[in-house]
Amino acid sequence: MRDFLRNLRDAALTLAGSADSGARFRTLQRRIHPETLRSHDAILDWAAERARNADDTAQPTNDPITIEGAHLLRDTLAQFSGCLSGTRLRVLVHVPPATLSPAGHSAYSNLARSLDVLGVPTRIQGWDDTPDAIADFRPTVLVTADHAAYLDRIHWPTVDTCAREHPVLVGLTAAPEGQADAPLAARIERAKRIGASFLYAWHAPQALEQPQYDALRETGLPLVSVEFGANVLAYHPEPGIARDIDFALLASSNRSKWERYVTWLAPILRGHVGFVDGPGWRHARRCLMTDAPQAAQRHVYARARVGLNLHIESQLAAPTELNERTYILAACGVPQLVDAPALLHSRFDPNTLYVATSPAEYEAMFNRILKRPEEARERALNAMRNVFARHTTLHRALDFARALESLRAVGPNGGRK
């Protein structure tokens, strides 16, 4: 969702303040190592094929990361599977297509899949589904976004038909001023017309206490945190694959990221062979994030000696969130090189990630990882343990479901009824 909104804001920007960064970013793309550019499609096809034929490609391993990862995955699924069986919740999750919003598609799909593992009856409301999908499922909770692109695709009379049988809690994204498709005052009025019951954000709980959320709190609607995590059903170590490329960078290239990409990544992308993929990269006309199974990403990460990760300015300035990639790389057992978002040290223990506070330190740490593979493997192992213990989408979905059950217990504030 944030990628989609950010793209809309990018389209509205004047070119005056961004021409220079745009030129530098285009230069960066031209100077990516030629072998990285040449091998992109072959690596994408290889990963997609392996993901589609996972049972046929599984390999025995003696790698400690993949061995422990398999145990952690088994134990985590045993812990969470069916733990909310018997709940009265029936959750309909509105999921945009990956071509419209890769981040939104990932976050909502992971939430739906994780709720289902917990034993919560859950269904995805696709972008072009007919009203019958709602009528047949009869949800008690509808999770969508506070944006006309989402809301206009919901057949609200069908939701009202369900609400005549039982209250339907309607959850909208808690988007502060300037972060959605309309001014906040207009969106608050829209939420009242829709009958919103609660607001949720992909932010840490403490972030919802920040002043930017004051106007949303004043609506009286509960604010619920649905922090990012790793969907370990899709993201875990993949055995039997040699680490034969120096890095993997799976990230979109919206305008807001150009300057940091140029400043932080240029020496690595020019001087090393790796895999660069995501919407907006001109060489990635076919994109792993939109044109391959979700599980294909872990196969690429299994080949990388380093997982590259950068955050946006708002994540660096305040402890709001870590991007989803932070958790995904850790769950896949990839040595991760990251900048220093404000929330990082409250989510990851020391000696888990390689954290840089400047472009020069980022490049130096990249070279250190390549030169010290045993140390890097140990940190990756620690980071993987960290994520499986506390930061999977199963953890997040369980907290979310419990919040929904509490809202149902006290009675809906708003809602379709």
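The values are calculated or read from the model by the stated rules, or taken from the named source; none is laboratory data. These numbers come from a predicted model, not from an experiment. Because the Cβ atoms are built from the backbone with ideal geometry, glycine has one as well, and the counts that use them run over all protein chains shown.
Below, the figures for the structure above:
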quantity	calculated
Inter-residue pairs, beta-carbon under 8 Å, first outside the structural domain of Asp146 (by TED's automatic domain parsing) and modelled with pLDDT of 95 or more and in region 191-220, second in a helix (DSSP H, G or I) and surrounded by 13 or more Cβ atoms within 10 Å (Cβ to Cβ), 6+ apart	none
Residue among Ala304, Ala376, Ala401, Ala364 that alone is touching a helix residue (DSSP H, G or I) at 6+ places or on another chain (Cβ under 8 Å) and assigned by TED's automatic domain parsing to the domain that holds Thr36	Ala376
Matching residues in region 96-130 - criterion: being in contact (Cβ under 8 Å) with a residue 60 or more places away in the chain and under 17 Å from Ser85 (Cβ atoms)	Arg113, Ser114, Leu115, Val117, Leu118, Val120
Selection status of Arg187, without any contact (Cβ under 8 Å) to a residue 40 or more places away in the chain and over 24 Å from the mean Cα position of the chain (by Cα)	no
Count of residues meeting criterion [under 24 Å from Pro139 (Cα atoms) and among the aliphatic types (A, V, I, L, M)] in region 176-193	2
Residue list for region 77-125, filter: over 30 Å from Ser253 (Cβ atoms) and part of a helix (DSSP H, G or I)	Leu77, Ala78, Gln79, Phe80, Leu115, Asp116, Val117, Leu118
Residue count, region 244-294 (criterion: closer than 20 Å to Arg368 by Cα and of a type in the set (Lys, Arg))	1
Some residue of region 286-295 being hydroxyl-bearing (Ser, Thr, Tyr) and closer than 27 Å to Ala376 by Cβ	no
Out of Arg305, Arg298, Arg243, sole residue that is surrounded by fewer than 19 Cβ atoms within 10 Å (Cβ to Cβ), modelled with pLDDT of 95 or more and under 25 Å from Asn386 (Cβ atoms)	Arg243
Unmet criterion (only one of (1) in a loop (DSSP other than H, G, I, E, B); (2) closer than 19 Å to Thr392 by Cβ) for Asp128	(2)
Selection within region 152-174 - among the hydrophobic types (A, V, I, L, M, F, W, C) and touching a helix residue (DSSP H, G or I) at 6+ places or on another chain (Cβ under 7 Å)	Val159, Cys162, Val168, Leu169, Val170, Leu172, Ala174
Pairs with Cβ under 8 Å, 6+ apart, first in region 259-275 and under 24 Å from Ala42 (Cβ atoms) and touching a residue at least 24 places away in the same chain (Cβ under 8 Å), second part of a helix (DSSP H, G or I) and of a type in the set (Asp, Glu)	Ile268/Glu363; Val273/Glu35
For Pro319: the one exception among (1) within 24 Å of Arg243 (Cβ to Cβ); (2) surrounded by fewer than 24 Cβ atoms within 10 Å (Cβ to Cβ); (3) not hydrophobic (A, V, I, L, M, F, W, C)	(1)
Complete set of residues in region 113-135 that are among the small types (Gly, Ala, Ser) and over 18 Å from Asp146 (Cα atoms)	Ser114, Gly119, Ala133, Ala135
Leading residue by the ranking (surrounded by the most Cβ atoms within 10 Å (Cβ to Cβ)) among those in region 137-166 that are aliphatic (A, V, I, L, M) and assigned to a loop (DSSP other than H, G, I, E, B)	Ala145
Any hit, region 355-364, residues being buried (at least 19 other Cβ atoms within 10 Å of the Cβ) and not in a helix (DSSP H, G or I)	yes
